[in-house]
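Have a look at the structure below, then the notes.
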Amino acid sequence: QVQLVESGGGLVQAGGSLRLSCAASGIIFKFATMGWYRQIPGKQRELVATITAANATNAADSVKGRFTISRDVAKNTVYLQMNSLKPEDTAVYYCNTVPASNNAWGQGTQVTVAS
């Protein structure tokens, strides 16, 4: 059974930084393409960054140049470094495989950016 546990969210001022972590179990992590998603209340969940098993990364245009995804295979953990945060980045952030496994969504971690 896949289990994903996100952490690292919080309240930060605009322009600040946060680093999110996601600990994964129940999957062959080193072979999985992983992603960070976010959901703003009233909106659909969106994929913001991905990292493949070969460590190729991609990011949505809205976060490109500000967010960096990385992974530590030894720790079965994927990270999201978020810099130059904006109020519009306020959301609940989740990690999951890409494509997402519907049974694997965790609780997410709340990120709130104050203006």
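The values are calculated or read from the model by the stated rules, or taken from the named source; none is laboratory data. Note that the structure is a prediction, hence the values are computed from the model and not measured. Positions of Cβ are backbone-derived with ideal geometry, glycine not excepted, and every protein chain shown enters the neighbour counts. With ligands, DNA and RNA removed, areas are computed over all heavy atoms of the protein, side chains included. Shrake-Rupley method; radii C 1.70, N 1.55, O 1.52, S 1.80 Å.
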- Rank these residues by their accessible area, most exposed first, probe 1.4 Å: Trp36, Trp105. Trp105, Trp36
- Per DSSP, loop trypsin sites (Lys or Arg not before Pro) in segment 16-91 with at most 10 further Cβ within 10 Å: Lys43
- Message: Once you place label points 7 Å from the Cα toward the Cβ at Gln3 and Thr57, how far apart are they in nm?
- Response: 2.8 nm
- Please check which bits of segment 25-45 a label hung off Ala74 would reach, taking the label as a point 7 Å along Cα-to-C-beta and the cut-off as backbone N under 16 Å. 30
- Treating only Lys and Arg (+1) and Asp and Glu (-1) as charged, each at its beta carbon, one finds that the chain has a dipole about its Cα centre, in Debye to the nearest 20, of 100 debye
